[in-house]
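Below you'll find the structure, written out as structure tokens, and then a few comments.
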Amino acid sequence: MLDRSFVYRSLLVGIAGLALLCGQAQAQVHVQVSTVEDLVRDTCAACHGPTGAGLGKDAPLPNIPRIAGQFPEYLFKQLTAFKPGGGGGPSHRASDIMGPVVEGLDSATLRGLADYYARQTPAETQPTSAEAIQRGMKIYREGNPQDNLPACISCHRERGEGIRPDFPRLAGQNPEYLEGQLKTWISTRGGRGKLMTIIVGFMKDDDMKDVAAYIATLH
């Protein structure tokens with residue numbers, strides 16, 4: 001016959017073990033959150049600002065992206081791509097700035113950073129040239145059939161909200177960053193068969209500047 005006192009003692013031991021495991025799990029979660037918050041404060045905020053909305057005129061470089069409110073899956077993918085060998089192969093987003101920042105971070109920390117910035121509120125951009133914005137709006141909404149350039153709205157949507165997870169949110173983005181990224185799809189970032197590599201091949205430099213100016217006004 002089964003000894004009830006033995007069963008009771010066994011249950012107590014089991015419950016105590018579960019409590020210990022839960023406590024350890026909670027401690028790990030707190031460490032992870034603390035690590036992300038420390039990284040944001042001590043490293044990321046220097047360029048992206050404390051919420052990822054940018055630093056405006058106080059930014060150390062003019063072409064730093066605003067990452068507040070971006071899709072977490074997209075942010076994680078890009079952070080991983082900055083790592084040497086990110087995504088299972090050579091990094092396709094080599095950066096002298098971001099490479100050293102993310103090189104020593106594990107996937108859990110990168111996901112924590114992506115989730116943190118995805119929760120933040122995007123900032124609005126001060127408008128630039130009205131003429132450039134009008135030209136950019138036409139290209140964004142209608143494309144340029146004469147140059148076989150498709151409309152940006154097809155993938156990035158009417159207000160630049162994108163399509164989760166692969167087509168990123170662009171609304172309110174730093175126009176200098178956008179223009180620079182369009183150019184890097186040709187020079188360094190793209191590859192054969194990549195959609196954006198094909199599209200930017202139909203864009204003139206002025207098209208890139210105007211589209212970037214228009215996208216920066218979206219919210």
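The values are calculated or read from the model by the stated rules, or taken from the named source; none is laboratory data. These numbers come from a predicted model, not from an experiment. Glycine gets a Cβ as well: all are built from the backbone with ideal geometry, and neighbour counts include every protein chain shown.
Structure summary
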quantity: Those residues of the range 139-182 which are more than 17 Å from the chain's Cα centre (by Cα), among the basic types (Lys, Arg) and loosely packed, with under 15 Cβ neighbours inside 10 Å, in sequence order; calculated: Arg141, Arg159
quantity: Test result for Leu21, part of a helix (DSSP H, G or I), assigned by TED's automatic domain parsing to the domain that holds Leu110 and at pLDDT below 85; calculated: yes
quantity: Residues that are under 14 Å from Lys209 (Cα atoms) and in contact with a Lys or Arg (Cβ under 9 Å, 6 or more places away or on another chain), drawn from the range 136-148; calculated: Gly136
quantity: Top-ranked residue of the range 129-138 - restricted to ones that are surrounded by fewer than 19 Cβ atoms within 10 Å (Cβ to Cβ), at pLDDT 90 or above and not aliphatic (A, V, I, L, M), ranked as farthest from the chain's Cα centre (by Cα); calculated: Glu131
quantity: Residue in the range 206-213 that is within 23 Å of Thr51 (Cα to Cα) and surrounded by 15 or more Cβ atoms within 10 Å (Cβ to Cβ) present; calculated: yes
quantity: Any hit, the range 104-122, residues being surrounded by 18 or more Cβ atoms within 10 Å (Cβ to Cβ) and within 21 Å of Gly180 (Cα to Cα); calculated: yes
